[in-house]
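The values are calculated or read from the model by the stated rules, or taken from the named source; none is laboratory data. The structure displayed is predicted, hence computed values, not measured ones. Here the Cβ is made from the backbone with ideal geometry for all residues, glycine too, and neighbour counts use every protein chain on show.
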Amino acid sequence: MKRILVKIVLPVSLLAVWMITCYPICRKAEGFDFFLYWVLVGCPYGIRKMCMILIPKNFGIAGSIGILALNCIVGGLIGGVVVILRMVMVLMEIIKIISDTSGHDVQRCR
């Protein structure tokens, strides 16, 4: 039960709440901004990678803020890929749980 809660329910529910929170920000009169949605949803998952790509060093204040903005965009894009990989991992965990509880051991020959 703890495995289901920690590996499936918690990550999916946190991602769903975050996606629902980001949805109204990206909905505009002209239409839906998918790029902004990708970056916003991926930001919490790519936050560790944001400042590893370009470090704002020996810049003025404008250059440093520009580099930080670029880091946020790149981190959001990386985080979007991480979100997809996490959902694949959740699906794999669901398949593992179903195969463990099925009762049929197909792989083992007796």
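Points worth noting:
- Pro56 surrounded by 11 or more Cβ atoms within 10 Å (Cβ to Cβ), assigned to a loop (DSSP other than H, G, I, E, B) and without any contact (Cβ under 8 Å) to a residue 24 or more places away in the chain: yes
- Close pairs from region 67-79: first among the hydrophobic types (A, V, I, L, M, F, W, C), partner not in a helix (DSSP H, G or I), Cβ under 7 Å, at least 6 apart: Ile67/Leu54; Ile67/Pro56; Ile67/Phe59; Leu68/Pro56; Leu70/Leu54; Cys72/Cys43; Ile78/Gly46
- Test result for Val39, at pLDDT 90 or above, touching a Pro at 6+ places or on another chain (Cβ under 8 Å) and of a type in the set (A, V, I, L, M, F, W, C): no
- Applying the condition of being closer than 14 Å to Met89 by Cα and of a type in the set (D, E, K, R) to region 1-13 and asking which residue is surrounded by the fewest Cβ atoms within 10 Å (Cβ to Cβ) yields Arg3.
- A single member of Leu85, Leu54, Leu70 is within 20 Å of the chain's Cα centre (by Cα), more than 30 Å from Ile97 (Cβ to Cβ) and either aliphatic (A, V, I, L, M) or at pLDDT 90 or above (or both), and it is Leu70.
- Put simply, of Ala16, Ala69, Ala29 the only residue that is surrounded by fewer than 17 Cβ atoms within 10 Å (Cβ to Cβ), small (Gly, Ala, Ser) and either outside any helix (DSSP H, G or I) or in contact with a strand residue (DSSP E or B) (Cβ under 7 Å, 6 or more places away or on another chain) (or both) is Ala29.
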